[in-house]
Ligand code: FES
Ligand code: FES
């Protein structure tokens, strides 16, 4: 069957999709977006986490046919997604995500050489949560990272100064075999603190 | 395999009538695991995500009509006052990602004894609204679970909603597992005090072939509370009473040994949870500081 849906703000089509296939499989194997990881295929690890109509879900448990006409954000689009959200001044209007007009204007990341030097706000720049993961040393093998980034970004969108308990709860569906989680918690705290100082600087 | 995508409830009923073997899929948290692991190759998948009605709930004067696909996250966030037991149980379902997709319809359809919603549904006492082209019927929760992963539904029926009475007293839920998140219950216990009718209802998960009530324990407790005038006096319960309640609850179990726990452990743990949850709910009834509002409590 054919499945048409929005991925990171862009309408995409996948053909010859088997009816029992997961969204994760379609993203990775049919659309060439291997950012979302496949570790357990049973909802246990969270490494396949994406946003489906804004809601964090395990893409391994969503049937491909269920996303017809819906909106998916993967880690590949996270930086863009976060930038657009910031430009609109956070979640104030209750409309987070990529609007239709913006979706139409969405441009893929330029090739590596083109982004060299494009430091401020351009495509290819990292989202605040991605930068915080790097700065806090929260990435080791990196297999869990895409899912954690998507989940952590959504937490900060809802709650810009989460308590440790909030962070633990929001990330409780994401397993990491390497870091022992402490640096991941540090990264989320760091991103939250940076977010606060940024809005403070704007007097918002 | 065929993927059926009804746009309305009526279309879904028609599809299910035409293809009774079609497997309904909503949150996908059970169905997709089976397909991913090749444990199941249904001829038809019947997607219920397009039927908006299933994601809605309605708070009436005495009952809550909870759409079959209302995600656990929504139950936790929006129905804590009306359905405290189910809200607590919802919070123990897997992880945020899973709670964002799964709803009670899935738990009921799968009817696994380990489904987290069952003890709370049994304790609250509710009716399951199922429908087919032949008509609609309400199945009392006490008649719903008929065997291991079996329920009272006909092949052409779909679950539309659950009708639960709004809580008229404190409710609690407790679950044993190796950690807080992502845990299939080793065993679980739900309790609801119903001061309006001076009754107590319970539900036990993962400790018998189906979710069950601890009826002997309920009857004993209701009689003891009545006789001792506890509902009026709001006095503390004597430990012997709680102990007897716990023993009877453990006696209602018919567990098996498996990788998650032994039968003996399950029986023991259900007794402990029965005693503790009774304590919490009773304290709350007496107006103590620890109520159902406090969320999960460590015991
Ligand atoms: S691959 Fe989806 S949760 Fe593990
Ligand atoms: S960094 Fe290796 S699994 Fe998390």
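State whether one or more residues within the range B:172-183 are outside any loop (DSSP other than H, G, I, E, B), more than 12 Å from residue B:123 (Cβ to Cβ) and modelled with pLDDT of 95 or more. Among the residues of the range B:172-183, at least one is outside any loop (DSSP other than H, G, I, E, B), more than 12 Å from residue B:123 (Cβ to Cβ) and modelled with pLDDT of 95 or more, which makes the answer yes.
Here the range A:132-143 is the region considered, the condition is being closer than 18 Å to residue A:193 by Cβ and in contact (Cβ under 8 Å) with a residue 24 or more places away in the chain, and the residue that is surrounded by the most Cβ atoms within 10 Å (Cβ to Cβ) is A:138. Counting only residues that are within 14 Å of chain B (Cβ to nearest Cβ), surrounded by 22 or more Cβ atoms within 10 Å (Cβ to Cβ) and within 14 Å of ligand 1 (Cβ to nearest atom), the range A:144-188 holds 10 of them.
Given A:156, A:149, A:175, which one is closer than 22 Å to residue A:79 by Cβ and within 16 Å of ligand 2 (Cβ to nearest atom)? The unique qualifying residue is A:149. If you go through the range A:34-53 and keep only what is more than 10 Å from ligand 1 (Cβ to nearest atom) and surrounded by fewer than 17 Cβ atoms within 10 Å (Cβ to Cβ), you end up with A:34, A:53. Here the range B:92-110 is the region considered, the condition is being under 17 Å from residue B:48 (Cβ atoms) and part of a loop (DSSP other than H, G, I, E, B), and the residue that is farthest from the other protein chains (Cβ to nearest Cβ) is B:103. Name the residue that is surrounded by the fewest Cβ atoms within 10 Å (Cβ to Cβ), counting only residues in the range A:9-33 that are within 13 Å of ligand 1 (Cβ to nearest atom) and more than 10 Å from chain B (Cβ to nearest Cβ). Per the stated criteria, the residue is A:28.
The values are calculated or read from the model by the stated rules, or taken from the named source; none is laboratory data. Computed from a predicted model, the values in this text were never measured in an experiment. Neighbour counts run over all protein chains shown; Cβ positions are idealised from the backbone, glycine included.
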